[in-house]
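Scroll down for the structure; my scribbles are underneath it.
Any read-out appearing in this document is the output of simple, stated calculations on the displayed coordinates, not a laboratory observation. Please read these numbers as outputs of a predicted model, since none were measured by experiment. Every residue, glycine among them, receives a Cβ derived from its backbone with ideal geometry; neighbour counts consider all protein chains shown.
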Amino acid sequence: MGMECPKGHGRQNVVVNLTADGSNPLRSTDIIAQKLACGCVVGGEQYEKFRETVAEIEKERIETLQAAEELARQKKAASYQAYLVKKET
């Protein structure tokens with residue numbers, strides 16, 4: 001099965017059917033976009049809105065992880081400082 005590439009690469013084979021959660025599609029309604037052999041993705045306006053939302057979610061996830069890592073570093077440093085103070089006395 002193939003389709004026309006929207007960026008002018010001609011008719012291309014569909015390589016991957018993309019779903020919202022990254023799993024294999026069980027029904028045709030699970031497919032939100034299709035990746036073509038040229039690397040372009042065909043999904044329409046709804047897919048673009050979905051990608052924007054996913055990008056925001058990923059940004060929040062990364063910021064949360066970075067904050068947790070920074071907190072862990074601070075706690076480790078404070079713990080080591082407490083250890084050094086105890087060792088000196």
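Contact map, the range 72-85: residues that are on the phi > 0 side of the Ramachandran plot paired with residues that are surrounded by fewer than 10 Cβ atoms within 10 Å (Cβ to Cβ) and among the polar types (S, T, N, Q), Cβ distance under 9 Å, separation 6+ or inter-chain. No pairs are found.
Each row is one residue, and each column tells you yes or no for (1) in a strand (DSSP E or B); (2) exposed (fewer than 10 other Cβ atoms within 10 Å of the Cβ); (3) touching a Leu at 6+ places or on another chain (Cβ under 8 Å).
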{"position": "18", "(1), (2), (3)": "yes, no, no"}
{"position": "29", "(1), (2), (3)": "no, yes, no"}
{"position": "34", "(1), (2), (3)": "yes, no, yes"}
{"position": "76", "(1), (2), (3)": "no, no, no"}
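Filter the range 36-45 for residues that are surrounded by 10 or more Cβ atoms within 10 Å (Cβ to Cβ) and without any contact (Cβ under 8 Å) to a residue 24 or more places away in the chain and give the result. Result: 39, 41, 44. Filter the range 46-64 down to the residues that are surrounded by 11 or more Cβ atoms within 10 Å (Cβ to Cβ) and in contact with a strand residue (DSSP E or B) (Cβ under 8 Å, 6 or more places away or on another chain), then identify the one that is farthest from residue 9 (Cα to Cα). So, considering only residues that are surrounded by 11 or more Cβ atoms within 10 Å (Cβ to Cβ) and in contact with a strand residue (DSSP E or B) (Cβ under 8 Å, 6 or more places away or on another chain), the one farthest from residue 9 (Cα to Cα) is 50.
Residue-by-condition table, conditions (1) under 17 Å from the mean Cα position of the chain (by Cα); (2) small (Gly, Ala, Ser):
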{"residue": "2", "(1), (2)": "no, yes"}
{"residue": "14", "(1), (2)": "no, no"}
{"residue": "37", "(1), (2)": "no, yes"}
{"residue": "41", "(1), (2)": "yes, no"}
{"residue": "46", "(1), (2)": "no, no"}
{"residue": "63", "(1), (2)": "yes, no"}
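From the set of residues in the range 1-16 that are part of a strand (DSSP E or B) and of a type outside the set (Lys, Arg), which is surrounded by the most Cβ atoms within 10 Å (Cβ to Cβ)? Lay out the reasoning, then the answer.
Within the range 1-16, the first condition is being part of a strand (DSSP E or B), and the residues that meet it are 2-4, 11-16.
Narrowing further to those that are of a type outside the set (Lys, Arg): 2-4, 12-16.
Numbers: 2: 11, 3: 12, 4: 12, 12: 18, 13: 11, 14: 14, 15: 11, 16: 12.
Checked the range 1-16; the qualifying residue surrounded by the most Cβ atoms within 10 Å (Cβ to Cβ) is 12.
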